[in-house]
Amino acid sequence: LSAAAAAENQPRPEKGIMGAVARNAVQVAQGMLTAFNTSMNKAWRQEDGLWFAHLAECRAQDVEWMQWQRSVWAEEAEDRRRKLKWKEEDMVQRNLDNARSLWLRFVERNRRDVEEKSEQLKAVSSLAAIFAGFAVVTLTQFNLQQNFSMTLVGIYGILTALVEGLMTISMVMCTLILGSIVKIGKTYVNEQSEEEFIFDCLAFCQNFQEGDRPPCPRHSLEVFWESRCESSWQCALACFSLGVSLFLLNMIIIGWITYSTQSKITAVFFVSILAIAILVWSRD
């Protein structure tokens, strides 16, 4: 039995060859699978590397785009800052132009005031000089009659003196006021006054609050006239008005002295007409 079992356990030649072939086939298959796996792993790693490289390139492009976008945002911010600065400068320039326009209006108003007051003063001064000249002419050319009332002659002399005095005072005062306003009017439109007014306007624009009124020049001919010249002008005008009335009254006396001895009717008409003229003048 033992011999039979040993004979059965001995390998057969055919089975040994088939096993070797199978083992070789298995090894070849394992090698092919290993090589395929290795090639697949290598291809996958290469593909994975390409993908990571593509991702890195995409990230680089993203970073570059973000940097470009930041630069665009910075440029836009710079543009907004420049626009804001330009707007502020434009507002300052507009405020400056408005201040200069207001100053030119004030200069024009000051010029008109000077011209208006000058014309008034020249007119009154010229008329006062004319009336004073007429009074002097009547004083030198009037021939008194010897047999006439000395009372009227005395009144005539007093009235002539009053007319001369009042007209001279009115003429001199108007001339002095005229020189004063012409001189002062120029000082109110000089460069220093313009600079002060423009700075006041700019400060008003910067600190404006609702209800504030625009600034006015610190000095003006209107204020100077009301504070320094108005009383003198009223005095000169009162002297001129009273002098005209006295001049007409003086003419009544001259007419009465001249025509009463020749024609009473002529003298009465002359006196009546001049009396009406005095009433009209006094009323106006």
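The values are calculated or read from the model by the stated rules, or taken from the named source; none is laboratory data. All figures in this text were calculated on a predicted structure; none of them were measured in a lab. Here the Cβ is made from the backbone with ideal geometry for all residues, glycine too, and neighbour counts use every protein chain on show. When the accessible area is computed, the model is the full protein with side chains, heavy atoms only, and any ligands, DNA or RNA have been set aside. Shrake-Rupley method; radii C 1.70, N 1.55, O 1.52, S 1.80 Å.
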Using the structure shown, decide if Trp103 is part of a helix (DSSP H, G or I), open to solvent by 100 Å² or more (accessible area, probe 1.4 Å) and among the aromatic types (Phe, Trp, Tyr). no
If you take the residues in region 207-251 that are of a type in the set (A, V, I, L, M, F, W, C) and under 34 Å from the mean Cα position of the chain (by Cα), which one is farthest from Ala128 (Cα to Cα)? Phe208
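A quick yes/no check of all residues on (1) open to solvent by 40 Å² or more (accessible area, probe 1.4 Å); (2) small (Gly, Ala, Ser):
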{"position": "Lys117", "(1), (2)": "yes, no"}
{"position": "Ser126", "(1), (2)": "yes, yes"}
{"position": "Ala132", "(1), (2)": "no, yes"}
{"position": "Val153", "(1), (2)": "no, no"}
{"position": "Met171", "(1), (2)": "yes, no"}
Looking at region 47-90, which of its residues are under 44 Å from the mean Cα position of the chain (by Cα) and open to solvent by 90 Å² or more (accessible area, probe 1.4 Å)? Arg70, Trp73, Glu75, Arg80, Arg81, Lys83, Leu84, Lys85, Trp86, Lys87, Glu88, Glu89
Every pair of residues 6+ apart whose Cβ atoms lie under 9 Å, when the first sits in region 17-29 and is of a type outside the set (Phe, Trp, Tyr) while the second is modelled with pLDDT under 75 and open to solvent by 90 Å² or more (accessible area, probe 1.4 Å): Gly19/Pro11
Given (1) modelled with pLDDT of 90 or more; (2) closer than 30 Å to Glu194 by Cα; (3) hydrophobic (A, V, I, L, M, F, W, C), number of the condition Val92 does not satisfy: (1)
Test for Phe204: is it open to solvent by less than 30 Å² (accessible area, probe 1.4 Å), more than 16 Å from Val124 (Cβ to Cβ) and among the aromatic types (Phe, Trp, Tyr): no
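Is at least one residue of region 189-206 part of a helix (DSSP H, G or I), hydroxyl-bearing (Ser, Thr, Tyr) and over 30 Å from Ile130 (Cα atoms)?
yes
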Could you give me the residue pairs with C-beta distances under 7 Å whose first residue belongs to region 240-260 and is at pLDDT below 90, whose second residue is surrounded by fewer than 19 Cβ atoms within 10 Å (Cβ to Cβ) and among the small types (Gly, Ala, Ser) wherever it lies, and which are 6+ apart or on separate chains? Ile252/Ala275; Gly255/Ala267; Trp256/Ala267; Tyr259/Ala267; Ser260/Ala267
Out of the residues in region 134-151 meeting the condition of being in a helix (DSSP H, G or I) and open to solvent by 40 Å² or more (accessible area, probe 1.4 Å), tell me which one is modelled with the highest pLDDT. Phe134
Read through the list (1) among the hydrophobic types (A, V, I, L, M, F, W, C); (2) in contact with a helix residue (DSSP H, G or I) (Cβ under 6 Å, 6 or more places away or on another chain); (3) open to solvent by 40 Å² or more (accessible area, probe 1.4 Å), then give the number of the only condition that Leu96 fails. (2)
Failed item in (1) in a helix (DSSP H, G or I); (2) open to solvent by 80 Å² or more (accessible area, probe 1.4 Å); (3) charged (D, E, K, R), with Arg213 passing the rest: (1)
